[in-house]
Amino acid sequence: MKLSFEPAFVRRLLATAIPVCLQTLMFSSRSLADIMMTSHLGVSEVAAVGFSGRIIFVMNLALFGIASGGGVIVSQHWGAKSREGARRSTAISLLLGLPFALLFIALCFGLPEAMVGLASKDAEVIALGGSYLRIAGLMSLPLILGTVFSVALRSIGQAKISMRLSVIGVGSNVLLNYLLIFGHGGFPALGLDGAAYATLISSLLEAACLIAFVYLRKNPLACRWSDLKLGLQSGLWRKVARVSLPLAVNGVVWSMGVLIYNILVGRMGTSQLAVLSMITPIESIIVALYVGIATAASVITGHRLGAEDYSAAWSEGKAFLVWSMMCAVFSCALIWSSRGLILSFYPAIEEETLSEALQVLSALAFVSGFRSINVTVIVGLLRSGGDARFCLGLDIFCQWAVGIVLTYLAAFVWKLPLYMVFLAINSEEFVKVFLCVWRFGSKKWIRNLIKGDDEAVASCPAVS
């Protein structure tokens, strides 16, 4: 507990947590801007962009999983004072992410209406969502480039760079939304397609700025073909893939579960799907606070593990757990006290829909505390030691065996109101918190991933 508040530790934590939190908030504000602006078009548009955004979310998590796995290896190389290893790991992450990005582009071009049709039988929602996906799906290519470099920069303690460049992406997204959705400034009024173009163009702009910065400033992560070649020849790609691919699968499986939740709610009705679409950006903004703490934990702990300072990794891990608990209390209070203010941003939505949204926000305030601890332990601590397989099994069990089953029962067997269905969706968080804290206490996640031969992962000695 004492370490949690030592000035040196707090400074290191905040140096990474604040920029990452702000960057995640800005990224989440894109979907919030889409939802808020399209809410003036109608409930069908909100439902369409909300579910389409969930499909994009699947893509985001898969690509983020690849980048995060590479970031774990980058962090440990940086802690071991190996710039070459960090640069080569970045190059390999880019190579691993490219097939995933191309796959998502193909799906969004070939099967957009079919994917949206999983959640809604409303022909208007299907048509609107399909058109949105054809355009916005192209963002996967700039996204993998930007995400890999952004995560790698965080992993070497340069989180402020990607945070500052995110301002360009978010600012351009909001401006383009305003111009292209409603047809201001002489631009055509494209409606929901305008939101999709705004998302695509702003993603391209942000990725271009990030890549230009890395290479023009000759950043240590400015990888070249030679780095990729040496990373493949040395077998480093196996270490990156050993962490990255389970995290990518984890992201896809977990986000597919989120899609199932949306499909189940969508089958309850367009109004219920619209409520979930309204709440999702708020949920993402709160999660940004947790991601900030978790990323700081991942970077700092990764450096400790790379330097083989296992005792410090364990001590600081406990301190991060304390911070996640404080963040949980803060977020619960924040959501509860600002429910009315949040809903005031949706003046065009019907009163009945807003009433349901108010109940769901109250439920969100309750579950947020559990999620804070889970994100910090899983994303921040367990993954920093490459404990990706345990995290994958944990997510599959808690989501598919607990959350999805209870959500189906709540929605279609017990026919409970939407806020109770929302609690059922988040039942996985209640189970997960006990299992992930148990795993943290076992210390099996404290491992050095870059020491030893290419086929082995060196576990740390006992830590008191």
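The values are calculated or read from the model by the stated rules, or taken from the named source; none is laboratory data. What you see is a predicted model, and the numbers here were worked out from it, not measured in a lab. Using ideal geometry, Cβ is built from the backbone for each residue, glycine included, and neighbour counts are taken over all protein chains shown.
Can you confirm whether residue 146 is under 24 Å from residue 298 (Cα atoms), at pLDDT 85 or above and in contact with a His (Cβ under 9 Å, 6 or more places away or on another chain)?
No: the conditions fail for residue 146.
Within 22 Å of residue 22 (Cα to Cα), surrounded by 15 or more Cβ atoms within 10 Å (Cβ to Cβ) and either touching a strand residue (DSSP E or B) at 6+ places or on another chain (Cβ under 6 Å) or basic (Lys, Arg) (or both): is that true of residue 339 in this structure? So residue 339 fits the description; yes.
Among the residues of the range 239-260, at least one is out of contact with any Pro (no Cβ under 9 Å at 6 or more places or on another chain), among the charged types (D, E, K, R) and crowded, with 21+ Cβ neighbours inside 10 Å. Would you mind telling me which numbered condition in (1) touching an Asp or Glu at 6+ places or on another chain (Cβ under 8 Å); (2) more than 30 Å from residue 45 (Cβ to Cβ); (3) not acidic (Asp, Glu) residue 275 fails? (2) is the only condition that residue 275 fails. All told, residue 450 falls short of being modelled with pLDDT under 95, under 18 Å from the mean Cα position of the chain (by Cα) and either farther than 29 Å from residue 333 by Cβ or outside any helix (DSSP H, G or I) (or both).
If you check residue 267 against the conditions, is it assigned to a helix (DSSP H, G or I), over 21 Å from the mean Cα position of the chain (by Cα), modelled with pLDDT under 85 and basic (Lys, Arg)? Judged against the criteria, residue 267 is a match. A single entry from 293, 282, 260 fulfils the requirement of being in a helix (DSSP H, G or I) and modelled with pLDDT under 80: 282.
Every condition in (1) surrounded by fewer than 19 Cβ atoms within 10 Å (Cβ to Cβ); (2) under 29 Å from residue 45 (Cα atoms) holds for residue 363 except the one numbered (1).
Matching residues to (1) farther than 23 Å from residue 285 by Cα; (2) at pLDDT below 90; (3) buried (at least 22 other Cβ atoms within 10 Å of the Cβ); (4) not aromatic (Phe, Trp, Tyr):
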position: 383; (1), (2), (3), (4): no, yes, yes, yes
position: 435; (1), (2), (3), (4): yes, no, no, yes
position: 454; (1), (2), (3), (4): yes, yes, no, yes
position: 462; (1), (2), (3), (4): yes, yes, no, yes
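So is residue 369 in a helix (DSSP H, G or I), at pLDDT below 90 and of a type outside the set (Phe, Trp, Tyr) or not? Criteria met by residue 369. Residue 55 meets all of the listed conditions (1) at pLDDT below 75; (2) touching a Pro at 6+ places or on another chain (Cβ under 9 Å); (3) part of a helix (DSSP H, G or I) but one, namely (1). So in the range 266-290, with the set limited to residues that are surrounded by 24 or more Cβ atoms within 10 Å (Cβ to Cβ) and not polar (S, T, N, Q), which one is farthest from residue 335 (Cα to Cα)? Once the filter is applied, the top-ranked residue is 266.
With respect to the conditions (1) at pLDDT below 90; (2) in a helix (DSSP H, G or I); (3) of a type in the set (Ser, Thr, Tyr), residue 301 lacks only one, and its number is (1). Inspection of the range 65-84 identifies no residue that is touching a residue at least 12 places away in the same chain (Cβ under 8 Å), under 30 Å from residue 182 (Cβ atoms) and surrounded by fewer than 24 Cβ atoms within 10 Å (Cβ to Cβ). Here the helices (runs of 4 or more DSSP H) wholly within the range 153-240 that include at least 2 residues being of a type in the set (Val, Ile, Thr), within 14 Å of residue 37 (Cβ to Cβ) and touching a helix residue (DSSP H, G or I) at 6+ places or on another chain (Cβ under 8 Å) are 159-182. The lone criterion from (1) modelled with pLDDT under 90; (2) buried (at least 22 other Cβ atoms within 10 Å of the Cβ) left unmet by residue 399 is number (1).
So that you can scan it fast, the table gives a plain yes or no per residue for (1) part of a helix (DSSP H, G or I); (2) small (Gly, Ala, Ser); (3) under 25 Å from residue 267 (Cα atoms):
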position	(1), (2), (3)
313	yes, yes, no
321	yes, no, no
334	yes, no, no
356	yes, no, yes
361	yes, no, yes
400	yes, no, yes
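The residues on offer are 75, 82, and the sole one that is closer than 14 Å to residue 244 by Cβ, in contact with a helix residue (DSSP H, G or I) (Cβ under 9 Å, 6 or more places away or on another chain) and at pLDDT below 90 is 75.
Close contacts from the range 388-416, counting a first residue that is among the small types (Gly, Ala, Ser) and a second that is modelled with pLDDT of 90 or more and not in a helix (DSSP H, G or I), with Cβ to Cβ under 6 Å and a gap of 6+ residues or different chains, come to 410/416. Taking the criterion of being surrounded by fewer than 23 Cβ atoms within 10 Å (Cβ to Cβ), of a type outside the set (A, V, I, L, M, F, W, C) and over 30 Å from residue 86 (Cα atoms), the residues of the range 180-220 that qualify are 183, 184, 185, 186, 188, 191, 193, 197.
Just one of the listed residues (120, 131) is over 19 Å from the mean Cα position of the chain (by Cα) and modelled with pLDDT under 85, namely 120. Each residue in the range 305-316 was checked for being within 9 Å of residue 79 (Cα to Cα) and either surrounded by 24 or more Cβ atoms within 10 Å (Cβ to Cβ) or touching a Ser or Thr at 6+ places or on another chain (Cβ under 8 Å) (or both), and 2 of them qualify.
In the range 337-352, which residues are of a type outside the set (Ser, Thr, Tyr) and assigned to a loop (DSSP other than H, G, I, E, B)?
Correct list: 345, 347, 348, 349, 350.
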